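Student: Please see the structure below; I have some questions.
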Amino acid sequence: MPLHESESIVLKTYNLAEADRIALFLTREFGIVRGVAKGARRLHSKFGSSLEPFSIVQLEYFQKDDRELVSIQKADLVISSFEAASDPRFLKVFSRFADLTNVFAQPNLPSPLLYRMLRALILIAAERDTDLTAVELYFEVWLLRIEGFLPDWSVCARCGREFDPAEASELDAEDRLQCTRCSVKGRRPIAPGVRNTLLRILRVSPAEYLREAESHREILRELSAIVFKLLSKAAGPSQAKATARANI
Ligand SMILES: [Zn+2]
């Protein structure tokens, strides 16, 4: 029975029997992992407060090939989110991220990019006065991109030409963009700022994006509605509860 080690984000925990806990992690090395922490509900448990949601821990676990649940040996706290998670807005937004990660990410399939993104967002949102609606948009855009559901908005979907930054574009039925030369009557125009903001999110760090986000709320609202539609479509109607945005 091999021992696995990985830095991990605690996504969720559930009580199991009298003394144990089940925890869902996004690990850096192995993707989504679900495991049992024996005795975690006891007063002087070796897990202490390290299994609080959105804590970043150094995780050690044993995995049997035939079992879905791994056996958690150790979860040493690297960064605590205890204080951040006492803010109900933070908790709502990140609980939704945990659900969406669970919907989209494959068990035991590493996604270092998803890990890095979620880790960076936890750290940034733990700071005071972070714009959590902008954090939501950043997460959703990257989740769609990582899982292969984000259309390429840098080029016209019909003629393949790269958009000029100041050029207008139009949304087609698959939420891809087409240039005005490929125009069909009745399509929804998308302002250059909306397209450029999406492309910008894919290029810059969360910190950089959040600094810029303050100055263009209207654009973010418009982009946010389109991204939400893409996310709902990708997740499917059975996941409507996980997809729905937190009312913050
Ligand atoms: Zn075109």
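Student: If we only count strands (runs of 3 or more DSSP E) wholly inside region 137-199, which ones have 1 or more residues that are of a type in the set (D, E, K, R) and either within 11 Å of the ligand (Cβ to nearest atom) or touching a residue at least 60 places away in the same chain (Cβ under 8 Å) (or both)? Talk me through it step by step, then tell me what you get.
Tutor: Values: elements: 169-171, 177-179, 188-190.
Once the strands (runs of 3 or more DSSP E) in region 137-199 are filtered for at least 1 residues that are of a type in the set (D, E, K, R) and either within 11 Å of the ligand (Cβ to nearest atom) or touching a residue at least 60 places away in the same chain (Cβ under 8 Å) (or both), what remains is 169-171.
Student: Then there's this: Name the single residue, out of those in region 220-248 being polar (S, T, N, Q) and closer than 23 Å to Asn196 by Cα, that is surrounded by the fewest Cβ atoms within 10 Å (Cβ to Cβ).
Tutor: We begin by selecting, within region 220-248, every residue polar (S, T, N, Q); these are 224, 232, 238-239, 243, 247.
If we keep only those that are closer than 23 Å to Asn196 by Cα as well, we get 224, 232.
Numbers: Ser224: 19, Ser232: 14.
Ranking the candidates gives Ser232 first.
Student: Run down Ser238, Ser232 and say which single residue is assigned to a helix (DSSP H, G or I), modelled with pLDDT under 95 and under 20 Å from the mean Cα position of the chain (by Cα).
Tutor: Working: Ser232 fails: modelled with pLDDT under 95.
Among Ser238, Ser232, only Ser238 is assigned to a helix (DSSP H, G or I), modelled with pLDDT under 95 and under 20 Å from the mean Cα position of the chain (by Cα).
Student: Any residue in region 72-81 that is in a helix (DSSP H, G or I), at pLDDT 95 or above and within 22 Å of Arg21 (Cβ to Cβ)? Break it down stepwise before answering.
Tutor: Start the filter on region 72-81 by keeping residues that are in a helix (DSSP H, G or I), which leaves none.
Within region 72-81 (the criterion being in a helix (DSSP H, G or I), at pLDDT 95 or above and within 22 Å of Arg21 (Cβ to Cβ)), the answer is no, since none of the residues qualifies.
The values are calculated or read from the model by the stated rules, or taken from the named source; none is laboratory data. Keep in mind that what you see is a predicted model, and the values were worked out from it rather than measured. So basically every Cβ, Gly included, is an ideal-geometry build from the backbone, and we count neighbours across all protein chains shown.
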